[in-house]
Amino acid sequence: MNHIELFSGCGGLSLGLELAGFELTFANELSPMAGETFAYNLLNEDLSKLAKEGSNSDKAYWISSQFDDLNHRLRENPFEYPELGSGSTDIPDDPCLIQGKLLVGNIIHLNQLLESRPKLLGAIKSGFGNNGIDLISGGPPCQSFSMAGLRKKDCDKNSLPWEFAKFVGMVQPKFVVLENVSGILRAFKEDGISYHAWFEVAKVFATKGYIPLCLHINARLAGVPQNRPRFIMIGIREDVYQAISSSFNKEERILLSPCIDLFQKVKTNKVVDINNYHCFDVKEDKDYNLFRNSFLSSLVGQKQVSVKEAINDLRLNSSSKKSSFVSKLNDQFSPILNKTLSTANHKPRNNSDIVKRRFRIYQAIRKCSIDVNKQVFDILKGKSSSLCDTAWSELKDHEYVSEEGDNIKFNTKLELINYLLQHPTKKRTQRALDPSEPAPAALSIPDDICHYDDHELRTLTVREMARIQSFPDAFIFRSKVTTGGKMRRFEIPQYTQVGNAVPPLLGLKLGNSILNLLKRLPT
């Protein structure tokens, strides 16, 4: 089985798919920083080392760059890539040379490249002589679909799923997997008209010849130590669907019946009503049972893993052994990565004393009721200067940190209120981890989460974030650790690479779901 990875990022989905048994045909990634991590782990290519030596890579090719040398390319702003044909490129004339490689560049330019090189497109479409492409997967950037984004219908990044579909239409794989944030499921209005981005995505893939199955899943149900809901669309090419449809059980027919109805209406230019279509949500009991009893079963039913199981051994002064979860995770991926286990990417960030004291406040209120959390945050954000007696009774027994660094308790409610007033914040989402639960959805900004341990008044390291995302310790993140200011618009440093990634264990389970269907094809 083979696959092409679009919007590959640092390689989380590709890593999981490889463990499932898929062989990489090639990958495409916009960001050279994320591409550096992908190449290092999945292609065994150290791009930084080559750049220092003044060499170029024969495993990572640039579609269109302002520069000829690798050193400048690794720090290039990807939104300033020249138009195809007007910049520097090292895409080889021999199509076979891109097999198993990374193509760095804009997917729009990639599509233009395939249109301009029929020989290259033909080679890719055939899977380089390997009975075509089994799977194309990827997660188009999601800012405009996220509830935190602008959510504009005409936002440039809204066009990327369409470019994904265009590529799929040219290459015609047997299956497609598109991953995105849950925000794509929420309708938004513009000029008084409601738009449903997920539904539009489903329809455009139907126009390319694919039966679209839309799902709302959660990575924690697949064994990832993180509460990470995601939208997934699985597209099945029409002839493949026809070839395997007789194998579907009752639950699979329920899942796919509205999908084939939508496909047929789109194919015959009939009006498609969103009310007749359904995104199956794992949170709903009736839908969960469909997951559990179908080819999607690997996406649910896994043991829930807590954040403590994922990162407890990484505490700075810890002698704790790795949990069974971490040991199994490392063992699973060791044949693929073939690298020595280490504690790379585990350098703590420096936090000021006032930030550390605020982190202790977060650790204390994590153990309190929701109402107490709200009252404390209202004080920290300058919205209030009072606490009710019930809140005081919950907070008074917790220890806080003095300016001298000592653990202290307060004798009166007023003393505690004055202490809280001295630690204001404008942060909206900061919180302390709950060691007994999966982590909240990974964020690409490291300051939003602090450790659960009272002796660890700090944010998480890249390695801890990676563990929560189910990356094994042998997976090394490359390029800058973090960034700021205007550079945030285009740089993808290590923390962002982790936060943006598809968890490898989720990639494995998605791969297993597709393999289940591939194995039903007649030989």
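Details
- Of all residues in segment 186-215, those being small (G, A, S) and touching a helix residue (DSSP H, G or I) at 6+ places or on another chain (Cβ under 7 Å) number 4.
- For segment 342-391, a tally of residues being assigned to a loop (DSSP other than H, G, I, E, B) and either surrounded by 13 or more Cβ atoms within 10 Å (Cβ to Cβ) or small (G, A, S) (or both) returns 17.
- Long-range neighbours under 7 Å by Cβ, at least six apart or interchain, first residue farther than 16 Å from G235 by Cα within segment 251-272, second surrounded by 14 or more Cβ atoms within 10 Å (Cβ to Cβ) and of a type in the set (D, E, K, R): V272/K203; V272/K265
- Unmet requirement for V224, which otherwise passes all of (1) free of Cβ contacts under 8 Å to residues at least 40 places away in the same chain; (2) not in a strand (DSSP E or B): (1)
- Checking each residue in segment 313-325 for being within 17 Å of L460 (Cα to Cα) and in contact (Cβ under 8 Å) with a residue 40 or more places away in the chain picks out L314, R315, L316, N317.
- Residue match in segment 72-83 (condition: within 23 Å of G132 (Cβ to Cβ), among the polar types (S, T, N, Q) and modelled with pLDDT of 95 or more): no
- Residue in segment 395-412 that is surrounded by 13 or more Cβ atoms within 10 Å (Cβ to Cβ), closer than 23 Å to P348 by Cβ, within 29 Å of the chain's Cα centre (by Cα) and not small (G, A, S) present: no
- A count restricted to segment 482-500 and to residues that are more than 20 Å from R73 (Cβ to Cβ) and not in a helix (DSSP H, G or I) stands at 2.
- Some residue of segment 414-423 being of a type in the set (S, T, Y), free of Cβ contacts under 8 Å to residues at least 24 places away in the same chain and surrounded by fewer than 17 Cβ atoms within 10 Å (Cβ to Cβ): no
- Residue check, E238 touching a Gly at 6+ places or on another chain (Cβ under 7 Å) and surrounded by fewer than 19 Cβ atoms within 10 Å (Cβ to Cβ): yes
- Subset tally (residues that are part of a helix (DSSP H, G or I), within 22 Å of G11 (Cβ to Cβ) and touching a Leu at 6+ places or on another chain (Cβ under 9 Å)) for segment 72-102: 4
- Checking Y277 against (1) among the aromatic types (F, W, Y); (2) more than 30 Å from L508 (Cβ to Cβ); (3) in contact with a helix residue (DSSP H, G or I) (Cβ under 6 Å, 6 or more places away or on another chain), the condition it does not meet: (2)
- Some residue of segment 272-281 being in a loop (DSSP other than H, G, I, E, B) and among the hydroxyl-bearing types (S, T, Y): yes
- Residues in segment 477-517 that are of a type in the set (A, V, I, L, M) and surrounded by fewer than 18 Cβ atoms within 10 Å (Cβ to Cβ) were compared, and the one that is farthest from A344 (Cα to Cα) is M487.
For every residue, the table says whether it meets (1) within 23 Å of L505 (Cα to Cα); (2) more than 21 Å from the chain's Cα centre (by Cα).
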{"site": "L185", "(1), (2)": "no, no"}
{"site": "A206", "(1), (2)": "no, yes"}
{"site": "Q226", "(1), (2)": "yes, no"}
{"site": "Y241", "(1), (2)": "no, yes"}
{"site": "F248", "(1), (2)": "no, yes"}
{"site": "L256", "(1), (2)": "no, yes"}
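- Note on segment 457-481: residues that are part of a loop (DSSP other than H, G, I, E, B) and within 30 Å of P335 (Cα to Cα) total 15.
- V326 being within 23 Å of the chain's Cα centre (by Cα), outside any helix (DSSP H, G or I) and either surrounded by 19 or more Cβ atoms within 10 Å (Cβ to Cβ) or among the small types (G, A, S) (or both): no
- Of the strands (runs of 3 or more DSSP E) contained entirely in segment 170-213, those carrying at least 2 residues that are surrounded by fewer than 19 Cβ atoms within 10 Å (Cβ to Cβ) and in the same structural domain as L508 (by TED's automatic domain parsing) fall at 188-190, 193-195.
- Any chance I468 is within 30 Å of P32 (Cβ to Cβ) and crowded, with 17+ Cβ neighbours inside 10 Å: yes
The values are calculated or read from the model by the stated rules, or taken from the named source; none is laboratory data. Because the structure is predicted, anything quoted here is derived from the model rather than measured. Please note: Cβ atoms are built from the backbone with ideal geometry, for glycine as well, and neighbour counts cover all protein chains shown.
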